[in-house]
1. Taking ALA27 as meeting all but one of (1) surrounded by fewer than 15 Cβ atoms within 10 Å (Cβ to Cβ); (2) among the small types (Gly, Ala, Ser); (3) at pLDDT 60 or above, write down the number of the exception.
2. Name the pairs whose Cβ atoms lie under 7 Å apart, with the first residue in the stretch 2-20 and in contact (Cβ under 8 Å) with a residue 12 or more places away in the chain, the second assigned to a loop (DSSP other than H, G, I, E, B) and hydrophobic (A, V, I, L, M, F, W, C), and 6 or more positions between them or separate chains?
3. Looking only at the stretch 88-98, count every residue that is out of contact with any His (no Cβ under 9 Å at 6 or more places or on another chain) and of a type in the set (D, E, K, R) and tell me the total.
4. Can you say whether ALA6 is modelled with pLDDT under 85 and exposed (fewer than 15 other Cβ atoms within 10 Å of the Cβ), as far as the supplied structure shows?
5. Please go through (1) at pLDDT 70 or above; (2) of a type outside the set (S, T, N, Q); (3) surrounded by 13 or more Cβ atoms within 10 Å (Cβ to Cβ); (4) in contact with a helix residue (DSSP H, G or I) (Cβ under 8 Å, 6 or more places away or on another chain) for ARG71 and return the number of the only condition it doesn't satisfy.
Amino acid sequence: MSEQWAEIEELDSLPYAELHDRAMRLAQKRHDLSFFLDLYNHTRSMHAAATEGGSLGDLSGSLIDVVNATREAFAEIPDPELEPLFRARFVDYLHRNS
């Protein structure tokens, strides 16, 4: 087995909370706003707003505000049906950026 697959399997075996914490810390350290926005784009509330013609309004606040809101929103699995998606996103992000 290649070293890359071993790393991916190791990350995938971690509990959701640990994956979440590692990915959030790394994204915050890298100032990776796109990672946080990508997570929000996969939530049902974002899809509902988009299909109903809703608007998020002006994005304001600091990167720290976005990071803190994302940490809080995804500290626990936001939707159990979406756990595989978020786990995969966390594993991929950690693997590509660690």
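The values are calculated or read from the model by the stated rules, or taken from the named source; none is laboratory data. All figures in this text were calculated on a predicted structure; none of them were measured in a lab. Here the Cβ is made from the backbone with ideal geometry for all residues, glycine too, and neighbour counts use every protein chain on show.
1. For ALA27, the exception is condition (1).
2. Close Cβ pairs satisfying both conditions: TYR16/ILE77; HIS20/PHE74; HIS20/ALA75.
3. The qualifying residues number 2.
4. When the stated conditions are applied, ALA6 does not pass them.
5. Answer for ARG71: the failing condition is (1).
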